[in-house]
Amino acid sequence: MPIVVSLDVMLARRKMRSRDLAARIGITEQNVSLLKSGKVKGIRFDTLEAICRVLECQPGDLLEWHPDPAEAPSSD
Amino acid sequence: MTLSDTTLSPAVTPEAALRARIGWLCHLLRLAAVAYAVWVFVLIALHWSDGPEVTRAYSHWLRATLTEVPPAHRLGGFLVHMVSWGLLVGACVAMWRLFSGFLAGRVFTLDAALTLRRLALFGLASEAADMIGRPLLSVLVSLHMPPGQRHLGFFFRTDDLLNLMFLGGLLALAQVFKVAAEIAEDNAAIV
């Protein structure tokens, strides 16, 4: 999956547990776990907004794009 | 998808709201499924156990004068009806499972769609067995008559077409439901 979720890194920085984040943003702990492991197909803006608000970070701190080597863009 | 993975507070999940709206209907339909299967069995058993009634009813249907149908032939008729009834029970079991799943919050799931399809297929099979069984029944109830007075009867009612339309529509709806369940499953993977 080219989009890598680094939520676990941010949780570690903020010293917060997945369970506490789930409770504060109103989604299940299972979904937080799936998000951390990248096993989701997408994330809603309101969920992303809630995570950024609670963890005091930017969306870019949570999501990174790592293209597949075969799909790496050619430089202009 | 169980409708519980949302950003709403736990007190107002769509699952709980849906169950509050249709829970009573799901309970009612489950009871109706059981009652209907039992009711039909009792009617079939009472019908075939009443020799004079069988003779009268089939004399009327075949527009013939039948003498009393022997018990062995009536047993055969009962068994023919049991084929249709057995398939009807399959439909009722599927109905029970479908609405039990709804009560447990398993609404937009692939399993629910497949159960709905199973319900429709069993219903169609039961209806087909009933229609195919009628000529067989006409032979059974007239088999004891002299060779020139035996009958092979075909009989269709408007209810047959209504049932086929309804069950065919249910089968189509099951396919739509399956696609909806797949979309819901995709959406459930979006947190």
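Numbers for the structure displayed
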read-out	value
Positions within the range B:165-191 being within 14 Å of another protein chain (Cβ to nearest Cβ) and in a helix (DSSP H, G or I), in sequence order	B:Glu182, B:Ile183, B:Ala184, B:Glu185, B:Asp186, B:Asn187, B:Ala188
Complete set of residues in the range A:37-46 that are under 17 Å from A:Val4 (Cβ atoms) and within 7 Å of chain B (Cβ to nearest Cβ)	A:Val40, A:Lys41, A:Gly42, A:Ile43
Any hit, the range A:54-63, residues being within 11 Å of chain B (Cβ to nearest Cβ) and at pLDDT 95 or above	no
Pick from the range B:28-67, criterion surrounded by fewer than 13 Cβ atoms within 10 Å (Cβ to Cβ) and not in a helix (DSSP H, G or I), ranking: nearest to the chain's Cα centre (by Cα)	B:Arg63
Residue within the range A:10-24 that is of a type outside the set (Gly, Ala, Ser), within 10 Å of chain B (Cβ to nearest Cβ) and surrounded by 18 or more Cβ atoms within 10 Å (Cβ to Cβ) present	no
Test: residue in the range A:26-36 that is crowded, with 17+ Cβ neighbours inside 10 Å, among the small types (Gly, Ala, Ser) and within 10 Å of chain B (Cβ to nearest Cβ)	no
Flag if B:Leu18 is over 24 Å from the mean Cα position of the chain (by Cα), farther than 17 Å from B:Val139 by Cβ and in contact (Cβ under 8 Å) with a residue 24 or more places away in the chain	yes
Qualifying residue in the range B:85-94 (condition: at pLDDT below 95 and touching a Lys or Arg at 6+ places or on another chain (Cβ under 9 Å))	no
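The values are calculated or read from the model by the stated rules, or taken from the named source; none is laboratory data. Predicted model only: the values in this text are computed from it and were never measured. A quick note on method: Cβ atoms are made from the backbone with ideal geometry, for glycine too, and the neighbour counts reach across all protein chains shown.
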